[in-house]
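Here is the structure we will look at.
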Amino acid sequence: MAQHQQEDYYRVLGVDRGASGDDIKRAFRQLARANHPDANQHDEAAEERFKQINEAYHVLSDREKRSQYDRYGHAGVNGPGGGPGPGFGGGIEDLFEAFFGGFGRDPRATAAGPRRGADLELSLDIELSEAARGLEREVEISRVESCHICGGNGVRPGSRPQSCPQCHGTGQVTMAQTTMFGRVMTSRPCDRCGGRGNLITDPCPECDGRGLTRRERRVNVRIPAGVPNQTRLRLSGQGHGGLHGGPPGDLYVLVRVRPDPRFERQGNDIVSHHTISYVKAALGGSLPVQTLWSTEEIELPAGTQPGDVFSLRGQGMPDVHGRGRGEHHVVVKVEIPTRLTTRQRELLCELARESGLDTAAAAASENPRSHRQQSREARPGTGGAKSRAGTASGGQRPRPARRAGRKKGIWQRVKEALSGEGEE
């Protein structure tokens, strides 16, 4: 027996002895992909490692063989008719599933039959405006395809493969194993031909007999108008090529729509926020609004309040199923100025008198200089927090809050006690 067959099977797959069947299968798939001959051409070490991985999985994936291996080691699975032979073992089905995928497979099919190729997946980022209009984009992918020279059979054009003498062209071998319940007959893919049923003596120079080659391809992806974020599109037949004439897999494109700082998307509706002056809110007027499609003008009524919403029908996102467009909602914010000119203040005070509002505004209108002085004195941090008893007009001005006195500290109180200053 070769030296590599004596290496601990658990160590080959990188799992511990208590690993579950799912853990063993997951480790096998990862190692099979990394060490597959198609991915490591002309690398004999990788090919040898690939055989070890397949052999280890053949034993550890079978409950009975794993139990015997745990008890007796390699001697328990390499007895007459009971162990893995050289080359590819009984895990060839899971090997094909790991590399070519297992979707849509007939469970009765053998390893020599047609196998569907694995699926591909990629991500595509687009802008919100592109999602609204839809687009076609060309993407570049790397995939495994059937060899265009030999048509996927791995044989040089003009020559023919030979029937495997070990399985007689069936791709399966039958093994007899004696157990405590009697003699059991089991079948598994032929380890000499890999389940193909034939041997390639004159391999194709392009694919080296594998029937598959890796190629770079450019594929057009059509994104429909109104596509939601994180949509997964399927392009049938654009994945990896199949094995033994099987159909190719599919290409899945994950569409990610970048956020637009101007808009907020809510289903098929678009929301935007616009700030207007308090004068326009009071008097009304036109407001230009940029939508996904054009610049529209809406007429604001007099007395527009903060938070009012105005809707533009048909200016939102199109429905991905072709049921028209959503709406564009305009949320109004009203900006209150923090600094006024003298004239602006006079006008506002006059408006306050006409509206019967606070009389302090009218007093400020009559004596704006005094009002500015009082405002500075009442401003926090200017030292003018103390109130005066009235105003130039004799009106009663609201009393500002008095600053609370600072409590005496412990050392101050001790000092006064010792000196007698704190005594009444």
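The values are calculated or read from the model by the stated rules, or taken from the named source; none is laboratory data. Predicted, not measured: the structure shown is a model, and the values here were computed from it. Reconstructed Cβ throughout: ideal geometry from the backbone, glycine too, with neighbour counts over all protein chains shown.
Points worth noting:
- Hits in segment 268-292 - residues which are outside any strand (DSSP E or B) and surrounded by 17 or more Cβ atoms within 10 Å (Cβ to Cβ): 268, 280, 281, 291, 292
- Any hit, segment 246-263, residues being outside any helix (DSSP H, G or I), more than 29 Å from residue 138 (Cβ to Cβ) and under 34 Å from the mean Cα position of the chain (by Cα): no
- For beta carbons closer than 8 Å, sequence separation of 6+ or different chains, a first residue in segment 313-329 that is on the phi > 0 side of the Ramachandran plot and a second that is part of a loop (DSSP other than H, G, I, E, B), the qualifying pairs are 314/324.
- Within segment 332-350, being touching a residue at least 24 places away in the same chain (Cβ under 8 Å) and either over 15 Å from residue 273 (Cβ atoms) or loosely packed, with under 15 Cβ neighbours inside 10 Å (or both) holds for 333, 335, 336, 337, 342.
- Leading residue by the ranking (surrounded by the fewest Cβ atoms within 10 Å (Cβ to Cβ)) among those in segment 205-228 that are at pLDDT 95 or above and outside any strand (DSSP E or B): 228
- Considering each residue of segment 192-202 in turn, at least one proves to be part of a strand (DSSP E or B), surrounded by fewer than 21 Cβ atoms within 10 Å (Cβ to Cβ) and at negative phi.
- Yes/no for residue 121 being within 36 Å of the chain's Cα centre (by Cα) and either at pLDDT below 85 or assigned to a helix (DSSP H, G or I) (or both): no
- Test: residue in segment 164-183 that is among the charged types (D, E, K, R), surrounded by 17 or more Cβ atoms within 10 Å (Cβ to Cβ) and either more than 23 Å from residue 208 (Cβ to Cβ) or touching a strand residue (DSSP E or B) at 6+ places or on another chain (Cβ under 8 Å) (or both): no
- Unmet requirement for residue 95, which otherwise passes all of (1) assigned to a helix (DSSP H, G or I); (2) within 22 Å of residue 26 (Cα to Cα); (3) at pLDDT 85 or above: (3)
The rows are residues; the columns are (1) of a type in the set (A, V, I, L, M); (2) at pLDDT 80 or above; (3) in a loop (DSSP other than H, G, I, E, B); (4) more than 32 Å from the chain's Cα centre (by Cα).
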{"site": "25", "(1), (2), (3), (4)": "no, yes, no, no"}
{"site": "34", "(1), (2), (3), (4)": "yes, yes, no, no"}
{"site": "41", "(1), (2), (3), (4)": "no, no, yes, yes"}
{"site": "47", "(1), (2), (3), (4)": "no, no, no, yes"}
{"site": "54", "(1), (2), (3), (4)": "no, yes, no, yes"}
{"site": "81", "(1), (2), (3), (4)": "no, no, yes, yes"}
{"site": "85", "(1), (2), (3), (4)": "no, no, yes, yes"}
{"site": "107", "(1), (2), (3), (4)": "no, no, yes, yes"}
{"site": "112", "(1), (2), (3), (4)": "yes, no, yes, yes"}
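- Count - residues of segment 298-323 that are of a type outside the set (A, V, I, L, M, F, W, C), under 33 Å from the mean Cα position of the chain (by Cα) and either surrounded by 12 or more Cβ atoms within 10 Å (Cβ to Cβ) or closer than 15 Å to residue 279 by Cβ (or both): 6
- No other residue among 243, 233, 251 is within 15 Å of residue 123 (Cβ to Cβ), surrounded by 21 or more Cβ atoms within 10 Å (Cβ to Cβ) and of a type in the set (A, V, I, L, M, F, W, C) apart from 251.
- Residues that are of a type in the set (Val, Ile, Thr) and surrounded by fewer than 17 Cβ atoms within 10 Å (Cβ to Cβ), drawn from segment 142-161: 149
- All of 239, 249 fail the test of being in contact with a Pro (Cβ under 9 Å, 6 or more places away or on another chain) and modelled with pLDDT under 95, apart from 239.
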